[in-house]
Ligand code: T3D
């Protein structure tokens, strides 16, 4: 399915597992890995069988962010590098019809914190942490970490985290609404997979519509959102799944969703 030295993509039923694997450097994003992530997110999007993706890191960390041994890796500037090697897979996850669950073990630092927070859901091991490593090496948050932190925890907390290389423990993340679940480290992958399998049984069109609107609703007015919901809801009500699920409810049966 994917041939990359540092990124693994496997699939079982409707659930895919995307794993970073460069353990000597705590799965830091190197050039080959970044290319693998661009390719993997494209493969995932075009595979109609896949409904939910669990995104995780092998070994003792999710990822330590950009591989600091590489610099701009052949690009004239970071602007170029970002556009070619990072932004495509960050936006692919943002715009995806699939549900992405980040399963975070150990460190989740720098650009990796943005990658995880850009997922739709987050499950964390109780010893995992989100680390705004940027300012410790004289940088500012990137890959949308500024935007993500701001929306998730508000200006004051986000600003403090960014300028003081702050860390959020898994317990902090749960309290702040960044993590959906926190489990023991040995339960991380099983718990994320159970979550994924459960979600994969849900209504695909409704999940896709909800993600698409929630990802843009923050930039819309209340009135615009009501109109957009009504437009999208109309299509869901008229879909085969919408009609069948309503009939199943009235017959006191469980609906089976087909995504049409
Ligand atoms: O320049 C650009 O590319 C711009 C792009 C910026 C985007 C960013 O993501 S900036 C932020 C980059 N990430 C960091 O600054 C985090 C650096 N890492 C750490 O601070 C620590 O490693 C952790 C707090 C994440 C974990 O600490 P610990 O004590 O558990 O592990 P360690 O011993 O520091 O790391 C283990 C090994 O991984 C070590 O190598 P060694 O000594 O065993 O040979 C370490 O050097 C290596 N490693 C860790 N992070 C990175 C890394 N190697 C390359 N790049 C890394 N980001």
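When residue 99 is tested against (1) surrounded by fewer than 22 Cβ atoms within 10 Å (Cβ to Cβ); (2) under 30 Å from residue 206 (Cβ atoms), only condition (1) is not met. Against the conditions (1) closer than 30 Å to residue 117 by Cβ; (2) in contact (Cβ under 8 Å) with a residue 12 or more places away in the chain, where does residue 219 fall short? Just the number, please. Among (1) closer than 30 Å to residue 117 by Cβ; (2) in contact (Cβ under 8 Å) with a residue 12 or more places away in the chain, residue 219 violates only (2). Restricting the search to segment 136-179, which residues are surrounded by fewer than 16 Cβ atoms within 10 Å (Cβ to Cβ) and within 28 Å of residue 14 (Cα to Cα)? The answer is 177, and nothing else. All of 53, 79, 38 fail the test of being within 15 Å of the chain's Cα centre (by Cα), surrounded by fewer than 22 Cβ atoms within 10 Å (Cβ to Cβ) and either more than 24 Å from residue 167 (Cα to Cα) or away from the ligand (no atom under 12 Å from the Cβ) (or both), apart from 38.
Any idea which of 84, 73 is within 16 Å of the ligand (Cβ to nearest atom) and modelled with pLDDT under 95? So that I can check it myself, show each step before the final result.
Working: 84 fails: modelled with pLDDT under 95.
So the residue among 84, 73 that is within 16 Å of the ligand (Cβ to nearest atom) and modelled with pLDDT under 95 is 73.
Scanning segment 219-245 for residues that are modelled with pLDDT of 95 or more, loosely packed, with under 14 Cβ neighbours inside 10 Å and not in a helix (DSSP H, G or I) turns up 220, 221. For segment 119-128, taking the residues that are buried (at least 23 other Cβ atoms within 10 Å of the Cβ) and closer than 25 Å to residue 95 by Cβ, the one that is farthest from the ligand (Cβ to nearest atom) is identified as 123. For segment 249-259, filtered to residues that are at pLDDT below 95 and loosely packed, with under 14 Cβ neighbours inside 10 Å, the residue that is nearest to residue 204 (Cα to Cα) is 258.
The values are calculated or read from the model by the stated rules, or taken from the named source; none is laboratory data. Computed from a prediction, not measured in an experiment: that's the story for all the values here. Cβ: placed from backbone, ideal geometry, glycine included. Neighbour counts: every protein chain shown.
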